[in-house]
Amino acid sequence: MGPVEWSQLRATVEALAPQSVVEWGAGGGTRALLEACPTIEHYVSIEHDRGWFERLRGAVRDERLELEHVAPNLPEPERNLLQKATRERYEAWVARCERDPDAMRDYVARPAQRIDSVDLVLVDGRARCFCLAEGYRLLRPGGVLLLHDAQRAEYRSALSQLGEAVFLEPWELGQLALSRKPLPPAAVPSLVASSLLAPFAVARSAGS
């Protein structure tokens, strides 16, 4: 995630002021968001890569973070992108994780075993098509889901199932898309009037 995307992510999170976060795909942004957002009380982060998980676990010391390694149900092949045959096997595995619900079944399902509902969902790992659906299900009304690398065609169908998304621009390394779970009708006017996310809603209306 480049500086532009990070600034968009941070602005969105600061406007939402979430108390609870679920993240698929731990990374540098995990620690940065915890440091930048004191409103966060519970941060559940799921990582499939054992080596990366161990690295993050040693680097991030925050009692609000619940970081967990969940291995793929379909074993991950060797990740040597310099060898054509190995690279093709790895790329085929990545693609299958977006099509086969059993490939990373436990990884997708694990946050629901840790938290009942959540204010913010970040999708930036494997099996993103399935994490989108599960993350949106976990969102409280008014909660926000953010997808990284939203410019990729393989995520568009799954993202469209969540309703109208806002694709944030400009972007450098991977576009962010934002989807907000609707509020009950009686709660909409007061929240929209006070929220820093209101311009997104206005932009959608103006473009329709």
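The values are calculated or read from the model by the stated rules, or taken from the named source; none is laboratory data. This structure is a prediction, so every number in the text was calculated from the model and none was measured. Counting neighbours? That spans all protein chains shown, and the Cβs are built from the backbone with ideal geometry, glycine included.
Per-structure values
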{"item": "Within segment 62-93, tally of residues that are small (Gly, Ala, Ser) and surrounded by 13 or more Cβ atoms within 10 Å (Cβ to Cβ)", "result": "1"}
{"item": "Tabulated pairs, segment 38-53, first polar (S, T, N, Q), second not in a strand (DSSP E or B), C-beta under 7 angstrom, 6+ apart or interchain", "result": "Thr39/Ala17; Thr39/Pro18; Thr39/Gln19; Ser45/Ala26; Ser45/Thr30"}
{"item": "When residues of segment 59-116 are limited to those that are out of contact with any Ser or Thr (no Cβ under 6 Å at 6 or more places or on another chain), part of a loop (DSSP other than H, G, I, E, B) and among the polar types (S, T, N, Q), the one farthest from Ala36 (Cα to Cα)", "result": "Gln83"}
{"item": "Which listed residue, of Arg114, Arg126, is under 15 Å from Ser45 (Cβ atoms), of a type in the set (D, E, K, R) and over 13 Å from the mean Cα position of the chain (by Cα)", "result": "Arg114"}
{"item": "So Gly135, is it surrounded by 13 or more Cβ atoms within 10 Å (Cβ to Cβ) and closer than 22 Å to His42 by Cβ", "result": "yes"}
{"item": "Index of the failed condition, Glu54 passing every other in (1) part of a helix (DSSP H, G or I); (2) closer than 21 Å to Phe167 by Cα", "result": "(2)"}
{"item": "Residue match in segment 147-157 (condition: modelled with pLDDT under 95 and surrounded by 15 or more Cβ atoms within 10 Å (Cβ to Cβ))", "result": "no"}
{"item": "Residues (acidic (Asp, Glu), at pLDDT 95 or above and buried (at least 21 other Cβ atoms within 10 Å of the Cβ)) located in segment 1-59", "result": "Glu23, Glu47"}
{"item": "Only one of Asp100, Asp124 that is surrounded by 13 or more Cβ atoms within 10 Å (Cβ to Cβ), of a type outside the set (Phe, Trp, Tyr), within 22 Å of Ala17 (Cβ to Cβ) and at pLDDT 95 or above", "result": "Asp124"}
